[in-house]
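Notes follow once the structure below has been shown.
The values are calculated or read from the model by the stated rules, or taken from the named source; none is laboratory data. On a predicted model such as this, the values are computed, not experimentally measured, just so you know. For neighbour counting, all protein chains shown are included, and Cβ atoms are generated from backbone atoms with ideal geometry for every residue, glycine included. Side chains are part of the model used for accessible areas, which takes the heavy atoms of the whole protein and leaves out ligands, DNA and RNA. Shrake-Rupley method; radii C 1.70, N 1.55, O 1.52, S 1.80 Å.
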Amino acid sequence: MNALDLARWQFGVTTVYHFLFVPLTISLVFIVAGFQTAWFRTDNPKYLKLTRFFGELFLINFAMGVVTGIVQEFQFGMNWSDYSRFVGDIFGAPLAIEGLLAFFLESTFLGMWIFGWDKLPKRVHLASIWIVAIGTLLSAFFILAANAWMQEPVGSIVNSTAGRAELKDFGAVLTNPTVIWAFPHVIAGCFMTGGAFVLGVSAWRLLRRPAEDGAPFRTAAKVGAVALLVAGLFIVVTGDQLGQHIAVDQPMKLAAAEDLQTTQSSAPFSVIHAVGLQRQGDRLDQDPERAFHPGHARPQRPRFRASTTCKPSTPAQYGPGDYSPIVPVTFWSFRLMIGAGSLAALAALWFLWRMRRGRVPGRGAVAIALVLPFLPLAANSFAWIFTEMGRQPWIVYGLQLTSSGVSPNVSSLEVAITMVVFTLLYGGLAVVEVGLLAKRIRAPLPAADAGGADSDQPAAFAY
């Protein structure tokens, strides 16, 4: 494997690994804030116990997400220097705002929430966790705005002399049609993850310790199930709108998702299909007015496409060539995304049915509770694989090819060394994460008092 292949594998693996923690952080903080709000309004100790219990799990996950995110960013300079040079004027703006505004907002008020249980008024302490929750949404929005520009580059021009894209309209970047639908779609996926996690943990506790944990975790299980179902319905609506936009803006991605070898209207959707099993070399055909013909000679590809606008109109402007994504990966990641999410929603319905009128699910539900949190995580991972692999061979759609973004002076050996180091590091972090979560999930419920840093089970340990 050359340096480009290794760099792509490394960034793909670290990105998917990092995104295992992000959706749980975004959704779990809102669920924790909801439990604390219920305690503030009712003074019911059940909600305080749930706040502290899931708050500790949130803190562990938040810390791990920060660590993996920082490691991921090193790759922009290490392996993708030409890409960073090309997009830095645009890509840097939303990422800088995310770091200076959203992340510091989260960190500051999270510290107040962790250490302020005995020191802040209840109203102020409650507000701090809600500000953290808002900060996670802002952080997600600015990062998705940067990614959306790679999918649909708007609000900028390409300076052919300098060989880089330049920002002209930051408002257009933030109101990119792609991010308008991608943001609610991703957030819905986050709440499916958080709902499944809360439901799975609560169902396990409810089944293993019904006498001790019955009332609090029955409530938490219902909250998780409802959150999972509502988010699932919302993700269908936003996904449909995003898919319609992709059909216009990136027709090759949607064609690969359906393995359409020729342009056609009212194309059928297939659940089971043998794509990629014997036809690894197949390429997609497209309308000649909109794309290439596979029989054309492959041109010499430029490092970037000079243009007066960053809004690509048709792939025909790129010249004849092969602009197909890897069809099997795009096709199957699209179906696995839908399949894993649908199974999670069905499991939530099953739990709600079995818990109706005060009932307790059977012992067989333990296995479902253990598997359930991993289904939305898998759906989110396959969604990102579909999003990024379906854009190939472009790293910035219509402007820069992925092969043109890799660092020119980095050898295969150097990338391989860093890939091994990152893999070992992330493997160690995974052991720590699972160990801490398992320990806290098995631990007794925290005491029904508002004590924090001075209590026997301080939430501050995870910080």
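Listed values, structure above:
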{"read-out": "Qualifying residue in the range 41-56 (condition: farther than 16 Å from PRO216 by Cβ and either modelled with pLDDT under 90 or basic (Lys, Arg) (or both))", "value": "yes"}
{"read-out": "Filter result (of a type in the set (A, V, I, L, M) and closer than 30 Å to GLY77 by Cα) within the range 11-66", "value": "VAL13, VAL16, LEU20, VAL22, LEU24, ILE26, LEU59, ILE60, ALA63, MET64, VAL66"}
{"read-out": "Members of the range 37-46 found to be assigned to a helix (DSSP H, G or I) and free of Cβ contacts under 8 Å to residues at least 40 places away in the same chain, listed by number", "value": "ALA38, TRP39, ARG41, THR42"}
{"read-out": "Residue count for the range 1-56, restricted to those that are hydroxyl-bearing (Ser, Thr, Tyr) and closer than 30 Å to VAL124 by Cα", "value": "6"}
{"read-out": "Which listed residue, of THR108, THR136, is open to solvent by less than 10 Å² (accessible area, probe 1.4 Å), in a helix (DSSP H, G or I), of a type outside the set (Gly, Ala, Ser) and over 18 Å from TRP394 (Cβ atoms)", "value": "THR136"}
{"read-out": "Odd one out for GLY99 among (1) open to solvent by 30 Å² or more (accessible area, probe 1.4 Å); (2) under 30 Å from GLU414 (Cβ atoms)", "value": "(1)"}
{"read-out": "Residues that are assigned to a helix (DSSP H, G or I) and either open to solvent by 50 Å² or more (accessible area, probe 1.4 Å) or not small (Gly, Ala, Ser) (or both), drawn from the range 139-152", "value": "PHE141, PHE142, ILE143, LEU144, ASN147, TRP149, MET150, GLN151"}
{"read-out": "Some residue of the range 44-52 being under 29 Å from ALA33 (Cα atoms), in contact with a Leu (Cβ under 9 Å, 6 or more places away or on another chain) and among the hydroxyl-bearing types (Ser, Thr, Tyr)", "value": "no"}
{"read-out": "Test: ALA7 is in a helix (DSSP H, G or I), touching a strand residue (DSSP E or B) at 6+ places or on another chain (Cβ under 7 Å) and open to solvent by less than 50 Å² (accessible area, probe 1.4 Å)", "value": "no"}
{"read-out": "Any chance GLN10 is modelled with pLDDT of 90 or more, of a type in the set (S, T, N, Q), over 17 Å from THR193 (Cβ atoms) and touching a helix residue (DSSP H, G or I) at 6+ places or on another chain (Cβ under 6 Å)", "value": "no"}
{"read-out": "Unique match (being surrounded by 23 or more Cβ atoms within 10 Å (Cβ to Cβ) and in a helix (DSSP H, G or I)) among GLY55, GLY69, GLY12, GLY34", "value": "GLY55"}
{"read-out": "Residue in the range 81-93 that is more than 19 Å from TRP149 (Cα to Cα) and either in contact with a Leu (Cβ under 8 Å, 6 or more places away or on another chain) or open to solvent by less than 50 Å² (accessible area, probe 1.4 Å) (or both) present", "value": "no"}
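For every residue, the table says whether it meets (1) modelled with pLDDT under 85; (2) within 30 Å of LEU59 (Cβ to Cβ).
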| residue | (1), (2) |
| --- | --- |
| THR387 | no, yes |
| LEU401 | yes, no |
| SER407 | yes, no |
| VAL410 | yes, no |
| TYR426 | yes, yes |
| ILE441 | yes, yes |
